[in-house]
Amino acid sequence: INLSQKRGKATRMTGKPDFPWPAMVLAGATAIGMVVAGVSFWLALGVLVLWSGSLWLVRPAPSHFEAQARDRRSTATRDVMREAVEPVGLPLVLFDGERIFAANASARAALGAHIVGQDARIALRHPGAIRLLDMPDGESVTIPGLTGARSLWQLTRLRIDQRYWLIELADRTAEADIGRAHTDFVANASHELRTPLAAIIGYVETLAETPGKVDTETVARFHATVLREARRMQSLVSDLMSLSQLEAEKHDEPTDQLDLSAIVARLVGEFGATIGHARLAFARPDAAMPVLGDSKQLEQLVRNLVDNALKYGDPEQPVEIAVASADGHALLTVADKGPGIAAEHLPHLTRRFYRTDPGRSRAAGGTGLGLAIVKHIVERHRGQLEISSAPGEGTRVSAHFALVRDMETTMS
């Protein structure tokens, strides 16, 4: 037993079994003793051979111990790597040969926890990602649609050692969306400017090429069209400049204390003097509604909302405007009784140049930027914008702003 324990201890320390010299010496001494005692030499030799053979039979194969030691080292290495990458914010997938043995929390959130333990080609699936498996270390591929229809990921292969390697995933979806948005914005702005400019040039060229040949009534109509299109371009340029300024100031929270209800009341009075007070129904609160804001931008917000309601609402029904207090916020609401908007359009209404009915919008003089400006103003004032509508029921737009007294209470 002592010999076995010693041999086992030596094996654990070295990872390989040592030769059983003590047992062989004991076997030889026993055989000599048997000969001295008068036992046949051949019988003693047979006992020695059998004893020695039994030692070799019960001796574990060196490969077994080596495999155990190798497995222990491999498990320890994997555990260390797994713990090292788990808190990393960038998605990382670790490979042992062609099999995934670990993925940190970010990678599991992006690709799913089921990928751990899978073959790389089954887990990644996408042809571009599978192509990366055969590329040299340090190579990258950009893959659209890896985690969703509009997603875009950059995958980079990195070597850890001869056996282990990893794939680093970088989400480029937001960058691609911004790039598409900029491209779409330039294209839409160019189109919106080109349309009235082409009309102006066409009418002016006609008048210039036929001096004295066009009757007075036609000339007046041409002049009116040129003036209308020029004003449309002026409105478009003004809205584009407003958006640019809002983008530049979006991180600067306004600090002036203003009474929202007073601003709305003044603008409603201006609209009423122009179009008639019968078109507007204003519910003004008894108390002031103090908010932190930029007066010019809040005025622009109210003008855009009321102007949209007047353009697209039922001309026989008044536009309802209200300012009220709700849950510590000043709530501005503008509602019309127009034809309403289908549900599929609602998530896109604040996009630049988005129109549910382009022909009707242009005929009404809209630039397609009104609600985009409203959205940016609300965001700069740290507010919340809500739009609700249904076909045949009209449209309601609400903007929430934190009341100043509520802010002071919170700060104290």
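The values are calculated or read from the model by the stated rules, or taken from the named source; none is laboratory data. Everything numeric here is computed off the predicted structure, so don't read it as measured data. Cβ coordinates were reconstructed from backbone atoms using ideal geometry, including for glycine residues, and neighbour counts include every protein chain displayed. Accessible surface areas use protein heavy atoms only, side chains included; no ligands, DNA or RNA. Shrake-Rupley method; radii C 1.70, N 1.55, O 1.52, S 1.80 Å.
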Kindly establish whether T183 is in contact (Cβ under 8 Å) with a residue 24 or more places away in the chain, of a type in the set (S, T, Y) and open to solvent by 60 Å² or more (accessible area, probe 1.4 Å). no
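Each row is one residue, and each column tells you yes or no for (1) open to solvent by 50 Å² or more (accessible area, probe 1.4 Å); (2) touching a Cys at 6+ places or on another chain (Cβ under 6 Å); (3) in contact (Cβ under 8 Å) with a residue 40 or more places away in the chain.
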| position | (1), (2), (3) |
| --- | --- |
| I263 | no, no, no |
| G269 | no, no, no |
| G276 | no, no, no |
| L280 | no, no, yes |
| A283 | yes, no, yes |
| D286 | yes, no, no |
| V291 | no, no, yes |
| N308 | no, no, yes |
| Y312 | yes, no, yes |
Residue pairs qualifying under the 7 Å Cβ cut-off, at least six apart or on distinct chains, with the first in the stretch 189-215 being of a type outside the set (G, A, S) and the second being modelled with pLDDT under 85 and open to solvent by 60 Å² or more (accessible area, probe 1.4 Å), are none
Next on the checklist: With the structure loaded, tell me whether A84 is in a helix (DSSP H, G or I) and either in contact with a helix residue (DSSP H, G or I) (Cβ under 7 Å, 6 or more places away or on another chain) or under 26 Å from G179 (Cα atoms) (or both) or whether it fails that test.
Outcome noted: no
Restricted to the stretch 276-323 and to residues being over 23 Å from G370 (Cα atoms) and in a strand (DSSP E or B), the residue modelled with the lowest pLDDT is A283
Do we have any residue at all in the stretch 109-127 that's crowded, with 16+ Cβ neighbours inside 10 Å, under 30 Å from M241 (Cα atoms) and either at pLDDT 85 or above or small (G, A, S) (or both)? no
Restricted to the stretch 193-249 and to residues being hydroxyl-bearing (S, T, Y) and under 24 Å from A372 (Cβ atoms), the residue least open to solvent (accessible area, probe 1.4 Å) is S242
Over the stretch 188-232, the set of residues among the hydroxyl-bearing types (S, T, Y) and either within 23 Å of R355 (Cα to Cα) or in a helix (DSSP H, G or I) (or both) is S190, T195, Y203, T206, T216, T218, T225
Filtering the stretch 386-412 down to residues that are modelled with pLDDT of 90 or more and under 18 Å from L258 (Cβ atoms) yields A399, H400, F401, A402, L403
When L346 is run through (1) in contact with a Lys or Arg (Cβ under 9 Å, 6 or more places away or on another chain); (2) more than 20 Å from E270 (Cα to Cα), the failure sits at (1)
Residues in the stretch 341-383 that are at pLDDT 90 or above and outside any helix (DSSP H, G or I) total 3
